[in-house]
Each structure stands twice: as structure tokens, then as C-alpha cells.
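Below is one structure, written out as C-alpha cells; comments come after it.
No value in this document is a laboratory result; all are computed from the given coordinates. Please read all numbers here as calculations on a predicted model, not as lab measurements. In this analysis, Cβ positions are derived from the backbone assuming ideal geometry, glycine residues included, and neighbour counts consider all displayed protein chains.
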2 protein chains.
Amino acid sequence: MLAVTILGNNSAVPAFNRHPTSQVVTIDGNSFLVDCGEGTQNQMMEYKIRRSKISHIFISHLHGDHYFGLIGLLNSFGLLNRQQDLHLFGPAPLQEILDIQLKVADTVLPFKFCFHPILKEGILVDEEKFSIGCFPTDHHIECYGFTFMEKKRARRLLPEKVREWEIPSHFYERLTQGEDYIRKDGSIIKNEWVTEEGAKGKVYAFCADTKYDERIIPHIKSADLVYHETTYLNNLAERATARYHSTTGQAALIAKKAAVKKLLIGHFSSKYDSLDEFENEVSAVFENTELALEGVTYRV
Amino acid sequence: MLAVTILGNNSAVPAFNRHPTSQVVTIDGNSFLVDCGEGTQNQMMEYKIRRSKISHIFISHLHGDHYFGLIGLLNSFGLLNRQQDLHLFGPAPLQEILDIQLKVADTVLPFKFCFHPILKEGILVDEEKFSIGCFPTDHHIECYGFTFMEKKRARRLLPEKVREWEIPSHFYERLTQGEDYIRKDGSIIKNEWVTEEGAKGKVYAFCADTKYDERIIPHIKSADLVYHETTYLNNLAERATARYHSTTGQAALIAKKAAVKKLLIGHFSSKYDSLDEFENEVSAVFENTELALEGVTYRV
């Protein structure tokens with residue numbers, strides 16, 4: 001199961017009880033934190049996210065609304081005597097920012113903490129059942145989006161066929177991995193005669209902060225769910241571009257061109273009280289759209 | 001008028017809807033922020049503190065629960081296009097911590113921002129009507145308490161006497177400043193013949209984080225209101241000392257020995273849900289005590 005829970009859907013200055021960017025992605029029982037604006041640890045308590053379950057944290061870029069809550073969360077992990085390893089991925093200068101703050105406080109984290117600077121696009125985590133990658137976006141400073149990809153499921157046995165070809169049951173597991181079966185007489189039972197393709201793995205992509213940029217399309221192509229920022233409504237397209245952000249119409253166009261299945265929009269400017277117009281404007285171009293609302297879990 | 005509004009009364013990890021340390025001290029229409037734990041800017045919104053009114057910020061020490069909200073507040077000041085000067089006082093390494101975070105985000109603050117490293121005890125701000133000083137406390141890392149002192153009011157005219165000595169009214173103002181009046185014939189009307197002492201200025205002292213340490217007594221002697229931390233109840237005195245914190249009984253004893261008029265207690269450990277026992281234990285030793293409650297303003 002792949003899902004994302006929104007902890008903060010606002011940009012920049014907190015407003016209208018909306019919080020800066022943070023979300024928790026769960027895949028196959030693992031929990032990943034994506035961005036960590038100020039107050040994220042409170043949002044985790046508010047929405048009953050078990051902090052100890054977080055094994056990896058991904059920081060898209062070093063604007064405060066995406067990471068000012070990180071040092072507080074790490075500090076709390078320490079005070080709560082966390083023991084599990086923690087992996088952090090983010091732009092390289094993050095290391096120095098954290099190090100100096102831990103050092104002046106004379107804080108030694110009681111768990112193994114590994115920082116992995118993101119240097120270029122590619123795969124960051126590669127596990128048996130899923131992988132996590134990153135891609136650059138076009139923002140004011142170095143910024144990355146993230147893709148969470150379930151791996152293709154194992155091939156499915158065709159029960160009648162495996163019986164027909166008299167394949168012993170101890171070999172079934174290897175059939176699901178795609179192996180052919182070789183009989184004692186040396187003849188080969190081709191894998192595709194007795195199995196069929198497993199279900200395609202689901203994909204969730206988080207596009208971080210970005211202005212309209214078609215270069216992200218190949219990275220999110222056909223994804224099941226894509227979070228794209230819509231900091232501004234359509235009438236502020238000029239401001240969006242000047243500030244390296246996107247409008248509703250631009251997010252919808254990217255979703256359409258990338259043929260994604262569903263679009264989730266967020267990172268709303270603090271100038272907007274109501275979000276209704278965001279949904280209206282995006283849906284006019286790309287129908288299968290939802291507002292990213294805090295505390296809500298979106299299953300992919 | 002001297003008053004303090006509590007924005008956060010908890011220590012370390014946020015818990016039971018209590019927030020990390022922060023308070024706003026107002027003197028004579030000026031607003032000063034003392035410590036700035038994570039989420040302080042939200043607490044300011046919650047309790048309708050006008051952020052733009054804050055002219056000076058004082059950070060007691062560099063443990064996260066006292067300053068992790070500072071960079072977010074500065075950043076918001078920038079995004080809100082603040083124009084007024086801002087003065088920050090705190091331990092010297094704070095400069096580097098802020099600088100690096102502003103630099104990686106390519107943030108240029110639109111207002112004049114002056115950092116004043118605290119290097120030793122003494123007067124930090126000296127204005128016509130008040131002064132603000134600092135003193136060291138005994139904590140795990142370099143830590144300072146702060147005193148907010150109204151200056152003695154101007155001397156008060158004795159109406160009958162000034163008439164009796166026929167002092168012209170244009171000189172009244174100078175009489176309140178303590179000057180003698182010299183008549184045309186060279187004879188002197190002594191100031192104390194025609195005026196009396198003005199009201200004594202009020203004093204508020206914030207003792208930051210500290211273990212029991214009688215060296216702070218001279219700095220808070222006879223103060224009208226003193227905030228002293230009570231991280232733990234009496235039965236955890238050993239833990240308090242080991243962690244450079246104080247118990248209820250220790251705070252009460254300091255207040256008693258310093259002959260302060262009123263004691264405010266806070267910085268409660270996250271292990272306590274109810275605060276009733278804190279009030280009971282302190283009051284048993286020092287009666288005029290109040291719990292520091294978030295959102296409440298205590299007039300000195």
C-alpha cells in the first residue's frame with residue numbers, strides 16, 4: 001500500500017491555520033517524511049503519526065518553510081532516546097546547518113544518523129519492494145522533487161498451467177521471480193507459459209517548489225498520484241514566474257502533459273484564505289484533482 | 001507599565017499542548033521577545049501579539065527549546081517586508097547559525113538587523129525610562145537570565161512648596177529632574193525642599209534555565225516579579241541537578257532568599273500532564289507564586 005498524509009499545505013509564512021510543507025509517505029509499512037517545516041513535530045502529534053516509525057527524511061530544498069522544523073524533530077528524537085537509524089537526504093549545506101546547532105547545544109544523538117547529500121538526480125533508496133528517486137525542479141535555489149515507486153509485483157502463477165506442466169510446488173516461488181523451469185531431461189518450461197505479469201507498482205511523485213517546467217514531465221510520466229505546487233491562482237502568473245512558483249493552470253497543464261492519473265495541489269500562498277478557487281481553476285484543465293488538506297491521507 | 005505574556009511554558013519536547021519557552025515583555029509601550037522556541041510565531045498569532053511591535057529579541061541560550069523558532073520568525077519578518085530595525089541579543093554562536101541559514105536560502109532581510117553577542121553580565125539596553133540587563137545562570141551550556149528594570153520615576157513636585165518659594169512654572173520640569181533653583185539674588189532653593197522622591201521603578205527578572213545557584217540572588221534581589229524555572233517536582237532533585245535544572249523547592253528557596261515580591265514558575269518537564277502539584281510544592285515555601293500559563297499576561 002502506497003499513501004501520503006499531508007501535514008502542512010501552506011507556503012512561506014503560516015496563515016489561516018495552514019502549516020508549512022510536510023508530508024508522510026508510507027510504502028509497504030515503511031514511513032518517510034518529506035520536508036519538515038516549522039512545527040512539523042506538532043503536526044505529527046496532532047495527526048497521530050508515530051515519529052519513531054520514520055526511517056528516512058527527504059528535504060527538497062533549503063527554504064525555511066520546507067525544513068525549519070527538522071532540527072527540532074531531530075532534537076526531540078534524541079530527547080525521546082530514539083534507537084533506530086535515521087537517514088536524511090537533502091541539499092549538501094544541510095549538514096553544516098545541523099552540525100553547528102547540535103554542537104553548540106552539546107547534543108549527541110543517541111541513534112545512528114546518516115546524512116546523504118543529494119548531488120544529482122537518480123535513485124536514493126533501492127529496496128526489494130520499492131525505490132525512491134529524486135529529480136531537479138526549477139526553483140530559486142537548488143531544489144528536488146521525489147518519486148516513490150513500488151516495484152512491479154512478482155509474476156502471478158497460472159494454476160492450471162503449472163499443474164499441466166507438472167512443476168513441483170517448491171519451485172513456484174522462483175517462477176514468480178521470472179525463472180524458467182528446467183526438467184530432468186533438460187527440456188525447458190518457459191516462465192511465460194506458466195505465469196502472467198504481476199500488478200504494476202504504483203508511483204507517487206512530489207514536485208516540491210517549482211515554476212512551470214516541462215523538464216519534470218519525464219520524471220512523473222503516467223504516475224498514479226502527483227503533488228504539484230499551486231502557490232498562486234491563474235491571475236498571478238507573472239508573480240509565480242518571478243518567484244519560481246506555479247499557478248493552478250500551470251500545475252494542471254503539467255499533469256495533463258505527463259498523463260498522470262491524479263493530481264494533488266498544495267503549497268498555497270498565505271494571501272489566500274479560501275482554497276475553493278484553486279480547485280475550480282485546476283479542475284477546469286485537469287479534472288481528477290484534489291486539494292491537499294492537512295491531516296488527510298491520500299491512498300495511491 | 002511593565003508586564004510579561006507567556007507564549008510557551010514547557011521544556012524540551014512539546015507536550016500536553018504546552019509549547020517551548022517564549023515570552024513577551026512590555027515596558028512603557030515597547031515589546032521585547034525573550035526566547036523563541038519552535039512555533040513561537042504561531043503562538044504570537046494565537047495570542048494576538050503584534051509581531052511588528054517587537055524591537056528586540058533576547059535569547060538566553062542555545063538549547064533548541066529556547067531558540068529553534070527564531071530563524072522562522074526572522075524569515076517571516078522578511079517575507080512580511082518588515083521595515084523597522086531589529087536587535088537580537090544572545091550567545092555569540094547564534095550569529096553563524098542564522099547567517100548560514102539565510103545564506104543558503106539566498107535571503108536578504110529587508111530591515112536593519114543587528115546582532116549583539118552577549119559576552120558577559122551587564123546592561124544590554126539603556127533607555128530613558130528603562131534598562132535591560134543580563135546575568136549568567138548555571139546551566140549545561142552558556143546561559144543568561146535577563147532583568148527588565150523601569151527607571152526610577154521623576155521626582156514629584158510639592159505644589160504648596162513650589163508656590164511658597166515662588167518658583168516659576170517653566171522650571172517645574174527641571175525640578176522633577178532633581179535640579180536646584182537659583183534665584184536672581186544668587187540664593188539657592190534646594191530641590192528636596194520643593195519635591196519628593198518619585199515612585200520606584202518595577203523590576204521583572206527571567207532566570208532562564210538554571211540549576212539551584214545562589215549566585216543569581218544579587219541579580220534578582222527584591223525584584224517585583226521573578227520567573228524561575230521548575231522543570232521538576234521535589235522528588236526529582238537529583239535528576240534536576242544532573243541536568244542543570246531546578247525543582248519547585250529550589251525555585252521557591254531562591255525567591256525567598258532574594259526577597260522577591262512574586263514568583264512565576266515555568267519550563268515544566270514534558271513528563272508532567274497536570275501542573276497542580278508544581279503550584280502546591282512552591283507555595284508551601286514561597287506563598288506568592290503563580291504558574292506561568294500560556295496566553296496569560298502578568299502585570300508587574
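Brief remarks on what is shown
- Arranged from fewest to most other beta-carbon atoms within 10 Å of their beta carbon, B:Phe58, B:Phe171 become B:Phe171, B:Phe58.
- Check: chain A dipole with +1 on Lys, Arg Cβ and -1 on Asp, Glu Cβ, in debye: 620 debye
- Among B:Met45, B:Met149, sorting on how many other beta-carbon atoms sit within 10 Å of each Cβ, with the fewest leading, yields B:Met45, B:Met149.
- Along the axis of the charge dipole computed for segment B:63-220 (Cβ charges of +1 for Lys and Arg, -1 for Asp and Glu, origin at the Cα centre), the listed residues B:Ile100, B:Gly90, B:His170 are led at the positive end by B:His170.
- Computing FRET efficiency as 1/(1 + (r/R0)^6) for B:Asn191 and B:Lys221, where r is the C-beta to C-beta distance and R0 is 35 Å, gives about 0.80.
- Estimated dipole of the protein assembly as shown in Debye, rounded to 20 [Cβ of Lys and Arg +1, of Asp and Glu -1, Cα centre]: 80 debye
- Fraction of beta bridges assigned by DSSP in chain A that are antiparallel (%, nearest 5): 55 percent
- Checking the Cα-Cα distances for B:Lys221/B:Lys257; A:Lys112/A:Lys151; B:Lys129/B:Lys262; B:Lys120/B:Lys262 against a 19 Å cut-off, the pairs over it are A:Lys112/A:Lys151; B:Lys129/B:Lys262; B:Lys120/B:Lys262.
- Measuring from each Cβ of chain B to the axis carrying B onto A, the nearest residue and its distance in whole Å come out as B:Gly39, 2.
- Which of A:Arg82, B:Arg153 has the fewest Cβ neighbours within 10 Å, and the rest in rising order: B:Arg153, A:Arg82
- Rounded if a/c under 1.5, otherwise prolate or oblate - chain B, Cα gyration tensor axes: oblate
- For residues of A:99-106, the mean tally of beta carbons on other chains within 10 Å: 6
- Entry note, chain B: the mean residue ellipticity at 222 nm calculated from DSSP H runs of n ≥ 4, each adding -39500 (n - 2.57), is -6000 deg cm²/dmol after division by the residues and rounding to the nearest 500.
- Test item: Cα-centred dipole of segment B:156-196, Lys/Arg +1 and Asp/Glu -1 on Cβ, debye: 60 debye
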